[in-house]
Amino acid sequence: MKLKKLHFVITIIVIAILSRLIPHPPNFTPITAVALFSIINFKNKYTGLSVPIVCLFISDLMIGISLINLFVYLSFIVISGVGYIFGKINLKSILLSSLIFFIVTNFGVWLIGYPNTLEGFIACYVAAIPFFGWTLAGDLFYSLSAKLSLKFFEKKYISLKIN
């Protein structure tokens with residue numbers, strides 16, 4: 001039985017949605033991996049851009065939607081841009097993506113939940129530093145896992161580019 005690349009991608013999407021719904025360390029999710037993976041592997045870049053947003057939105061319907069979601073979604077749109085520019089998942093694209101998520105989402109947290117002063121800004125980002133370690137760990141783990149899994153399946157089963 002031949003496995004199609006589309007099935008592989010659908011599996012990644014389902015895993016991404018489910019991973020946000022089960023208990024996990026803060027920010028240790030595969031959404032960055034999905035953003036990088038999708039924009040690189042879909043021929044249609046609008047589809048590639050929409051995949052992480054759809055994953056987020058579906059899981060957010062169950063988790064809850066708040067104002068911070070706008071900053072989270074924006075960060076993944078920018079991260080997809082990183083994937084588009086780099087054209088591959090590598091250490092640089094993953095680290096830059098983690099940094100973008102940290103900067104954009106914590107800017108939103110500062111605007112929404114901290115005094116809009118220099119002291120509030122600094123306090124917000126300092127409080128977020130412990131979460132950045134989990135972000136990096138999750139992004140590295142899931143992005144490299146997706147990359148290696150795709151290589152394995154392509155070598156064994158697939159030779160088609162996703163539409």
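Laboratory data are not the source of any read-out in this text; all were calculated from the coordinates shown. In this text, all values refer to a predicted model and were calculated from it rather than measured experimentally.
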**Complete:** Comparing Thr135, Thr11, Thr32 in a Gaussian network model of the chain (Cα, 10 Å), the one with the largest mean-square fluctuation is Thr11
**Prompt:** Considering the chain as a Gaussian network with a 10 Å cut-off on Cα pairs, which listed residue, Ser145, Ser75, Ser38, attains the greatest mean-square fluctuation?
**Reply:** Ser145
**Prompt:** Taking Cα atoms, how many degrees apart are the long axis of helix 45-63 and the longest axis of the chain, rounded to 10 and kept between 0 and 90?
**Reply:** 60 degrees
**Item:** Listed candidates [x] 30, 15, 14; [y] 26, 17, 14; [z] 23, 18, 14 - label of the one calculated as semi-axes √(5λ) of the Cα gyration tensor in Å
**Value:** [x]
**the chain: angle of helix 5-21 to the longest principal axis, Cα-based, in degrees nearest 10** = 30 degrees
**Prompt:** Against the longest alpha carbon principal axis of the chain, how many degrees, from 0 to 90 and to the nearest 10, is the axis of helix 68-86 turned?
**Reply:** 50 degrees
